[in-house]
Amino acid sequence: MATPSEEMKKDITWRRYEEGDDQWDDWTDMIFVQDTSHKCPTYIHRTPPCQGSCPSGHDIRGWLAIVREQEKPVEGEEWQQYAFERATGSNPFPSMMGRVCPAPCQDGCNRNEVEDFVGINSVEQFIGDNAIEQGFSFTAGEDTGKKVAVIGGGPAGMAAAFQLRRMGHAVTLFDENKELGGMMRYGIPGYRIPRDKLGAELQRIVDMGVELRMETRVGKDVAVADVEKEYDALLWALGCQSGRGLPIPGWDDTPNSVSGVAFLKAFNEGRMKVTADKVICIGGGDTSIDVVSVARRLGHIEHTNPTDRPELVVKDGFVAHDAANAAAAQGSDVTLTSLFVKAEMMAAEHEISDATTEGVTILDGVMPLEVIKGEDGRAKALRVCDCTMDGMTPIPTEGTERVLEADLIVAAIGQGGDMTGLEDFDNGRGLIDSDKLYQIPGKPGHFVAGDIIRPHLLTTAIGQASIASESIDHYLKHEEQGKRPKVDVHHFSLLEKLKEAHMEPEYFDKTESDLRGTNSAKYAVHNFEDRSKQEIIPADQLFLGYFEPTARNIRNEEVPSSDDVLGHFKERLIPLNTEQVQAEAKRCMSCGMCFECDNCVIFCPQDAVFRVKRGESTIGRYVDTDYSKCIGCHVCTDVCPTGYIQMGLGE
């Protein structure tokens, strides 16, 4: 049961300082150092941990500030569109990622040290859904005359096409499927990613002027050499759509043993309408949760014609169930086994909970030992036992072996790439090697992004595509590519913000300008330091006592019970409304950036800290310091909630 807000307010025990913190630990320090009054405040911009935890490098703090209407858009633009523009600068799929991203940003959120993380995903979903409703679009950059081939229309390929078109490069996208989307379309069920919204976000990128060559496999339908001749650079974003089999006796050549990737693709293509009576999925990650949730929704037919067995549909891309099959479906007995216990499973906690609610049996801490076959050669059971984990190696527990009956066994233990026809790029593991700039070693003009490097999150593929696009841009311009920043994300730029607000610094004339100081000059931002490319700001550098515990605005879910799950394909997430989204955005603590609380102005005993004049103020330029009044008392930095002020000037 949630703690009432009155109790949360009453029981605040957090303190910035402990007893004795005002005393010197060493007499020598007290005598010879005394204080640090020679230091005055500097305004330090750092990367918040939410953004530092995001593989696509989202400027999360930035678009949350826009949603709560602290950071203002340019004149004539609504905050909804401005938030969309800021959010999609790094990730063009806010509607999709707001639904399915496991949100490492929320795990990293400093607000967890107060009471609970900011619901970043729910705000992102609102930004994306509203953009679709309002018909917001993207704009391509000025044509550079360069042509790039992008091979693969999944999240990495489409994100790269988006970034490259923004740079002005022509893009032709090759994909072997009938429709765009990759794993977003073929690997995730429609009740998690609504197909109308997926289509809208993909089409918005195509409308930037992306040429499509669908149902075309490079290396088979068109030679790699021909693509190399026609284009100035190639980006390989093939994804990994080949599932791995179980490394146990009995798996190979067993007809009703299939991969999770193939199972989900057959369902998402609309070919598989029903599954088997007893389904066992081996996994523990998000793919395995999707498999068992789909199996519970599809159900099975009591008397199945051998030609309608689900494995035939899964393994043959041209076979499909008759829609009438679904009308006669009954519930299936579905079991998920995981090597790891529930608390350590790779799938998101709420997804595991939803699957349990829907009637899936989860056997955690269990390892498969053998597929048991019947006389017809089909799997009839799976032998398992309990296990403990030594790192990634399961250790069987003696005396716990047992047999689970099965009509269909699905392996969701990982996936790899299909390198048929592309053997020259295969690193021997069905993947493609990459350097830190996402270039393929030894192949100038070839770049790579997404799961084909190493299967990971959708947002990881999108982040890699952004960096790869920058590398391609440098390559096409014959520019040397320098070292990437230590904190490699989409950074907020105060200079760009000042230009946007028509407050850019004046021209610097070294022959006439005073070089001794910049505190009153108009050609420089004199007391601002950008450390966002080197530092992520931790919670202990914030004044957490400022933040009153505030309950999170949580999206509701319509999760069907085990009795209602059969045939239930409605979306589960119920989005927040505008009022709720803005309230949730206000919970952001703006780590590493001023959010205009006025604490430093109010508490400065010398009136040295002051608000910037209204016509000269913008995000990151809200307060300034009169150093002729500052005595270095440190009060401003002590009361700054966001860690934006550091006593450093004068060192």
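Answer with yes or no whether Asp333 is surrounded by fewer than 17 Cβ atoms within 10 Å (Cβ to Cβ), free of Cβ contacts under 8 Å to residues at least 60 places away in the same chain and either out of contact with any Gly (no Cβ under 7 Å at 6 or more places or on another chain) or under 23 Å from Gln415 (Cα atoms) (or both). If you could, list the steps in order and put the result at the bottom.
Details: surrounded by fewer than 17 Cβ atoms within 10 Å (Cβ to Cβ): no; free of Cβ contacts under 8 Å to residues at least 60 places away in the same chain: yes; either out of contact with any Gly (no Cβ under 7 Å at 6 or more places or on another chain) or under 23 Å from Gln415 (Cα atoms) (or both): yes.
When the stated conditions are applied, Asp333 does not pass them.
For region 545-554, the criterion of being without any contact (Cβ under 8 Å) to a residue 40 or more places away in the chain and under 28 Å from the mean Cα position of the chain (by Cα) is met by none of the residues. For residues that are of a type outside the set (Ser, Thr, Tyr), surrounded by 15 or more Cβ atoms within 10 Å (Cβ to Cβ) and under 24 Å from Cys50 (Cα atoms), tally how many sit in region 568-595. Qualifying residue count, region 568-595: 18. For region 374-390, the set of residues classified as touching a residue at least 24 places away in the same chain (Cβ under 8 Å) and surrounded by 16 or more Cβ atoms within 10 Å (Cβ to Cβ) consists of Arg378, Ala379, Lys380, Ala381, Leu382, Val384, Cys387, listed by residue number. Of all residue pairs spaced 6 or more apart or on separate chains, those with beta-carbon atoms under 7 Å, a first member in region 297-320 that is among the acidic types (Asp, Glu) and a second member that is modelled with pLDDT under 85 and in a loop (DSSP other than H, G, I, E, B) are Asp308/His321.
When you scan region 514-532, do you find a residue that is part of a loop (DSSP other than H, G, I, E, B) and at pLDDT 85 or above, even just one?
Initial filter on region 514-532 (part of a loop (DSSP other than H, G, I, E, B)): 514-527, 531-532.
Then drop every residue that is not at pLDDT 85 or above, which leaves 531-532.
Looking through region 514-532, at least one residue is part of a loop (DSSP other than H, G, I, E, B) and at pLDDT 85 or above.
Out of the residues in region 294-334 that are hydroxyl-bearing (Ser, Thr, Tyr) and outside any helix (DSSP H, G or I), state the one that is nearest to Ala355 (Cα to Cα). Going through the qualifying residues, I end up with Ser332. Residues that are of a type outside the set (Asp, Glu), closer than 13 Å to Gly168 by Cβ and in a helix (DSSP H, G or I) within region 467-480 comprise Ser469, Ile472, Leu476, listed in sequence order. Asp116 fulfils the conditions (1) charged (D, E, K, R); (2) in contact with a Lys or Arg (Cβ under 7 Å, 6 or more places away or on another chain); (3) part of a helix (DSSP H, G or I) except for a single criterion, (3). In region 119-141, the residue that is surrounded by the fewest Cβ atoms within 10 Å (Cβ to Cβ) out of those that are in a loop (DSSP other than H, G, I, E, B) and without any contact (Cβ under 8 Å) to a residue 40 or more places away in the chain is Gly135. Modelled with pLDDT of 95 or more, touching a strand residue (DSSP E or B) at 6+ places or on another chain (Cβ under 9 Å) and part of a helix (DSSP H, G or I) - does that describe any residue in region 99-110? Checked region 99-110: at least one residue is modelled with pLDDT of 95 or more, touching a strand residue (DSSP E or B) at 6+ places or on another chain (Cβ under 9 Å) and part of a helix (DSSP H, G or I). The one condition from (1) assigned to a loop (DSSP other than H, G, I, E, B); (2) crowded, with 17+ Cβ neighbours inside 10 Å; (3) among the β-branched types (Val, Ile, Thr) that Thr459 does not meet is (1).
Every test in (1) of a type in the set (S, T, N, Q); (2) without any contact (Cβ under 8 Å) to a residue 12 or more places away in the chain; (3) under 30 Å from Asn556 (Cβ atoms) is passed by Thr287 save one, and that test is (2). Taking (1) touching an Asp or Glu at 6+ places or on another chain (Cβ under 8 Å); (2) touching a residue at least 60 places away in the same chain (Cβ under 8 Å); (3) not charged (D, E, K, R) in turn, Gly219 satisfies each apart from (1). In region 481-489 there is at least one residue matching the filter, namely being outside the structural domain of Ala223 (by TED's automatic domain parsing), in a loop (DSSP other than H, G, I, E, B) and crowded, with 17+ Cβ neighbours inside 10 Å. Restricting the first member to region 479-508 and to residues that are among the polar types (S, T, N, Q), and the second to residues that are part of a loop (DSSP other than H, G, I, E, B), the beta-carbon pairs closer than 9 Å and six or more apart or on different chains are Gln481/Leu437. Looking only at residues that are touching a residue at least 60 places away in the same chain (Cβ under 8 Å) and of a type in the set (Lys, Arg) in region 142-174, which one is surrounded by the fewest Cβ atoms within 10 Å (Cβ to Cβ)? The extreme case among them is Lys147.
Every residue, every condition in (1) modelled with pLDDT of 75 or more; (2) among the small types (Gly, Ala, Ser); (3) not assigned by TED's automatic domain parsing to the domain that holds Gly620, yes or no:
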site: Arg15; (1), (2), (3): no, no, no
site: Asp21; (1), (2), (3): no, no, no
site: Asp26; (1), (2), (3): no, no, no
site: Met30; (1), (2), (3): no, no, no
site: Val33; (1), (2), (3): no, no, no
site: Pro48; (1), (2), (3): yes, no, no
site: Val67; (1), (2), (3): yes, no, yes
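Of a type outside the set (Phe, Trp, Tyr) and farther than 29 Å from Glu370 by Cα: is that true of Asp424 in this structure?
Working: of a type outside the set (Phe, Trp, Tyr): yes; farther than 29 Å from Glu370 by Cα: yes.
Judged against the criteria, Asp424 is a match.
Inspect region 430-450 for any residue being more than 21 Å from Gln464 (Cα to Cα) and either surrounded by fewer than 16 Cβ atoms within 10 Å (Cβ to Cβ) or in contact with a strand residue (DSSP E or B) (Cβ under 8 Å, 6 or more places away or on another chain) (or both) and give the result as yes or no. Checking region 430-450: not a single residue is more than 21 Å from Gln464 (Cα to Cα) and either surrounded by fewer than 16 Cβ atoms within 10 Å (Cβ to Cβ) or in contact with a strand residue (DSSP E or B) (Cβ under 8 Å, 6 or more places away or on another chain) (or both).
Among the criteria (1) part of a strand (DSSP E or B); (2) under 19 Å from Ile188 (Cα atoms), the one Ala355 does not fulfil is (1). Among the residues of region 306-326, those that are modelled with pLDDT under 75 and over 37 Å from the mean Cα position of the chain (by Cα) comprise Ala324, Asn325.
The values are calculated or read from the model by the stated rules, or taken from the named source; none is laboratory data. The structure presented is a predicted model; accordingly, all values stated were derived computationally and were not measured. Here Cβ is always computed from backbone atoms with ideal geometry, including for glycine, and neighbour counts include all displayed protein chains.
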